[in-house]
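Colleague: One structure is given below, represented as structure tokens, and several questions about it will come after.
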Amino acid sequence: MFAALGDETRLALLARLYGGRRRSISELTEGSKLTRQAITKHLRVLEQVRIVHSVRVGRENLFEFNPQPMEEMKAYLERVSEQWDKPLARLKVFVEE
């Protein structure tokens, strides 16, 4: 997930999808210097980590943001952070003494 989010283009796509509205590749390509194929490639990377979901409507694929994987990652990182709080506090006391 971090690798998928580490790309500026993919972050920009997520920002456009964040509002909750499904968007076509044509809509996501508007205002970009990238081709539809390049946008599609980035969307597939985001789909692989479940951050984006596509729905077939007629002849088009519409893409939408799925916040659940990011919420799960946030919860995981909060647990890891909590596990480090006490050891880091002990280290701080040790260093300051």
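Every number in this text was worked out from the coordinates using simple rules, so none of it is lab data. In this text, all values refer to a predicted model and were calculated from it rather than measured experimentally. All Cβ positions, glycine included, derive from the backbone under ideal geometry; neighbour counts span all protein chains shown.
Colleague: On a 0 to 90° scale, report how tilted helix 8-17 is relative to the longest principal axis of the chain, with both axes built from alpha carbons and the result rounded to the nearest 10.
Modeller: Once rounded, one gets 70 degrees.
Colleague: Using only DSSP helix segments of four residues or longer, with each worth -39500 (n - 2.57), what per-residue ellipticity at 222 nm results for the chain after dividing by its residue count and rounding to 500?
Modeller: Details: 5 runs with 61 residues, N = 97.
Taken over the chain, the calculation gives -19500 deg cm²/dmol.
Colleague: Using only Cα atoms, find the angle between the long axis of helix 36-48 and the longest principal axis of the chain, and express it within 0 to 90 degrees, rounded to the nearest 10.
Modeller: It is inclined by approximately 40 degrees.
Colleague: Roughly what angle does helix 68-96 make with the longest principal axis of the chain, taking Cα atoms, 0 to 90 degrees, to the nearest 10?
Modeller: For helix 68-96, the angle is close to 20 degrees.
Colleague: Note the per residue figure in Å³ for the convex hull of the C-alpha positions in the chain. Intermediate values should be presented prior to the final figure.
Modeller: Working: hull volume 11.8 nm³, N = 97.
For the chain, the hull spanned by Cα atoms encloses 122 Å³ per residue.
Colleague: Another question, if that's okay. Let's test the formula: R0 of 41 Å, r as the Cβ-Cβ distance of Phe94 and Glu72. What FRET efficiency results, to the nearest 0.05? Before the final figure, lay out each step's value.
Modeller: Working: r = 34 Å, r/R0 = 0.84.
Between Phe94 and Glu72 the formula returns 0.75.
Colleague: Can you tell me the relative contact order of the chain? Whole percent, Cα pairs under 8 Å, sequence separation 6 or more. Can you show the working numbers first?
Modeller: Working: 74 pairs, mean separation 23.9, N = 97.
Answer for the chain is 25 percent.
Colleague: Please list, in chain and number order, the residues 5+ apart from Asn61 or on another chain whose amide H is under 5 Å from its amide H, with Hs placed from the backbone.
Modeller: Counting only residues 5 or more places away or on other chains, the set is Ile25.
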